[in-house]
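Notes follow once the structure below has been shown.
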Amino acid sequence: MSDSATTTRTAELLALERQYCSFGDTVHYLEPPKVFARCQGSYLYDDEGTPYLDLQMWYSAASFGYGNQRLQEALKRQLDRLPQLACQYLHAEKVEVAARLARYCEQRFGVKGRVHFNVGGSQAIEDSLKIVRNSTGKNLMFAFMGGYHGRTLGASAITSSYRYRRRYGHFGDRGQFVFYPYCFRCLYGLRRETCNLYCHDQFAKLFESEYYGVWDPQAGASEYGAFYIEAVQGTGGYVIPPPGYFRRLKETCDQRKILIVDDEIQMGFYRTGKFWAVEHLGITPDIIVFGKALTNGLNPLSGLWAREDLITPELFPPGSTHSTFSSNPLGTAVALETLKMLEEEDYAAQVNEKGAYFLAGLRDLQGRYPRVIGQVDGLGLALRIEVCQEDGITPDRELADRIFAEGLKGDLTAGGRRYGLVLDIGGYYKNVFTLAPSLAITRAEIDVALDLLDQLFRRCRGASSAPAR
Ligand SMILES: Cc1ncc(COP(=O)(O)O)c(C=O)c1O
């Protein structure tokens, strides 16, 4: 398309969107929103064919690369064979995906369990809430400050930020939000090296007296059925917890008969270098919720694994959460191929090696913009850059927004080629670049990413204040 035809077409789309589309089902972080025409590998392409290196990969829904041939072939095969089937009947892929996931968990955690499907992440969270309510008889949950579990009503109730709950009235089952060990911004002003996990002890203290309102000594029970965790906070800014924290938390929850529900919707399937991010924590959760990357952003499929005694058909009978598209065969076919791919290739080694390389590059970048980059950190290919003011700690949301917008202009160059950069901003203060590159990203692409980030920091922060390289 010529430049003027593209501009006209974009203007038409935006006008139609303004008139006919709800804005409630999306957020345009840039106005007007960017229009993309094609995707492949680590790149999105605009109408002019400019590649935008994507460092967020649809919030990890497309972790295995856009247009991943193996996964797309699986989808196409299923499209020609059995694309539609009501969930009341059985098809092989559903059962095989469930068996593979359950066997993986059994082998990894030594616990038998079953797998239950739905379509989106929030829906699977809803299903997990039903399982907790059904097995414990309790409808109150602990969850973390900065946690994100989705935007259906039940998921919003256990998501801390008001932005997801305001406008919708009173949430009687609102989560009890507990400080996540976000050591760079410790709520207690302590340092990780010397705090001895004080934040955990403050949580454990809540059970010492009924006056703290979470423990009834007469009943010998808590009103809280489960604690919802993310091993690495996603929307909260890829916050990586300190070693040992979750083991202590699990002990405290076990003592009080509070289940652990592990939300792996964003971090599961090797984003952090392990199949489940929770495997870094040294604990066994009671329920694991998954979605996104399982189908690489093709036909959606989400679900959960739960310990046998929580989900046995006698306790959680047929139809407890049934949804028309829950184990749709296009989704299960891709999911099965994804699981086979993860078994055949050494993702742990690949992701950890690439993650270490990327993180080393980010540390260099931080060295060039000390203080403005307050912190970089990463686990596997879940990486974070915390953007701060010159004091090295005050969040600089404006600078993060400027860099984000500049990246989408598509006018950067690297190796003589024109590029854009797709970033995502998260964090409690919306000042953290949460980097989730394709797990298939190459070293050469990581070098391009680091070069483009450097250009953006230099451009947006003002060339004069950046130290000479
Ligand atoms: C950790 C986590 N939980 C739940 C969800 C909700 O999933 P979905 O958007 O598919 O409903 C998300 C989505 O970003 C997420 O990152």
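The values are calculated or read from the model by the stated rules, or taken from the named source; none is laboratory data. All values reported here derive from a predicted model rather than from experimental measurement. Note that we place each Cβ from the backbone using ideal geometry, even for glycine, and neighbour counts take in every protein chain shown. Only protein heavy atoms, including side chains, enter the accessible area calculation; ligands, DNA and RNA are left aside. Shrake-Rupley method; radii C 1.70, N 1.55, O 1.52, S 1.80 Å.
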Q: Could you pull out the chymotrypsin sites (Phe, Trp or Tyr not before Pro) across the range 215-265 that fall in loop regions by DSSP (anything but H, G, I, E, B) with no more than 15 other Cβ atoms inside 10 Å?
A: none
Q.
Using the Karplus curve 6.51 cos²θ - 1.76 cosθ + 1.60 with θ = phi - 60°, what ³J(HN,Hα) values do you get for each residue of the range 377-387, in whole Hz, with x for Gly and Pro?
A. 7, x, 9, x, 9, 9, 10, 9, 10, 9, 8
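What does the C-alpha gyration tensor say about the overall shape of the range 1-114? Classify as rounded when a/c is under 1.5, otherwise prolate if a/b is larger than b/c, or oblate.
Prolate is the answer for the range 1-114, as a/c is 1.5 or above and a/b outweighs b/c.
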**Q.** Estimated distance in nm for a label pair at Ala99 and Lys205, the labels positioned 7 Å out from Cα along Cα-to-Cβ
**A.** 5.2
Q: Give the peptides 159-172, 288-301, 30-43 in descending order of average Cβ contacts within 10 Å, highest first.
A: 288-301, 30-43, 159-172
**Q.** Theoretical gain in end-to-end length, Asn196 to Arg397 [0.36 nm per residue, Cα-Cα removed]
**A.** 69.3 nm
Q | Straight-distance crosslink candidates among lysines, where the alpha carbon sits under 29 Å from Lys205 and sequence neighbours closer than 8 are dropped | A | Lys130, Lys138, Lys250, Lys257
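Which links in Lys76/Lys354; Lys94/Lys340; Lys274/Lys354 stretch past 23 Å when you go from one Cα to the other?
Lys76/Lys354
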Q) What number in nm² do you get for the range 70-344 if you take the convex hull of its Cα atoms and divide its surface by four? A) 15.4
Q: Could you pull out every one of the lysines with an alpha carbon less than 22 Å from that of Lys430, ignoring same-chain neighbours closer than 8 positions?
A: Lys34, Lys409
**Q.** Under-5 Å amide H pairs with Val178, H placed in peptide plane, nonlocal only
**A.** Ala143, Phe144, Met145
Q: Give me D for the range 81-232 in µm² s⁻¹, whole number, from Stokes-Einstein with Rh from the Kirkwood sum over alpha-carbon pairs, 25 °C and 0.890 mPa s.
A: 134
(Q) Could you work out [θ]222 nm for the chain from helices alone, using -39500 (n - 2.57) per DSSP H run of at least four and dividing by all its residues? Round to the nearest 500 deg cm²/dmol. (A) -11000 deg cm²/dmol
(Q) Placing unit charges on C-beta atoms (Lys and Arg positive, Asp and Glu negative, everything else neutral), compute the dipole magnitude of the range 70-344 about its Cα centre in debye, rounded to 20. (A) 660
Q) Which residue, chosen from Phe144, Leu452, Tyr347, occupies the Cα position most advanced towards the positive end of the dipole of the chain, where the dipole is computed from +1 (Lys, Arg) and -1 (Asp, Glu) charges on Cβ about the Cα centre? A) Phe144
Q. Name the residues of the range 405-440 whose amide N is less than 14 Å from a point 7 angstrom out from the Cα of Leu187 along the C-beta direction?
A. 428
Q) Can you list the HN-Hα couplings for the range 141-155, worked out from phi with the Karplus curve (6.51, -1.76, 1.60; θ = phi - 60°), rounded to whole Hz and with x for Gly and Pro? A) 10, 8, 8, 8, 4, x, x, 9, 10, x, 10, 5, 4, x, 5
Q. How much accessible area per residue does the range 70-344 have, in Å², with a 1.4 Å probe?
A. 44
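Indicate the gyration tensor shape class of the chain (rounded, prolate or oblate), computed on the Cα atoms with a ≥ b ≥ c the square roots of the eigenvalues: a/c under 1.5 is rounded; otherwise a/b larger than b/c is prolate and the rest oblate. The partial results should precede the final answer.
Numbers: a/c = 1.69, a/b = 1.21, b/c = 1.40.
It comes out oblate by the Cα gyration axes.
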Q) Of all the accessible heavy-atom surface of the chain, with the other protein chains kept in place and a 1.4 Å probe, what percent is carbon and sulfur? A) 50
Q. Among the helices of the chain (complete DSSP H runs), which have Cα atoms covering no less than 30 Å along the helix axis and a Kyte-Doolittle mean of at least -0.5?
A. 347-368
Q) What distance in nm separates the simple spin-label points at Asn134 and Glu48, each placed 7 Å from Cα in the Cβ direction? A) 5.5
Q. Just how large is the dipole of the chain about the Cα centre, in debye to the nearest 20, putting +1 at every Lys and Arg Cβ and -1 at every Asp and Glu Cβ?
A. 340
(Q) Restricting to DSSP loop positions (anything but H, G, I, E, B) with no more than 11 other Cβ atoms inside 10 Å of their own Cβ, which GluC sites (Glu not before Pro) remain in the range 248-342? (A) Glu314
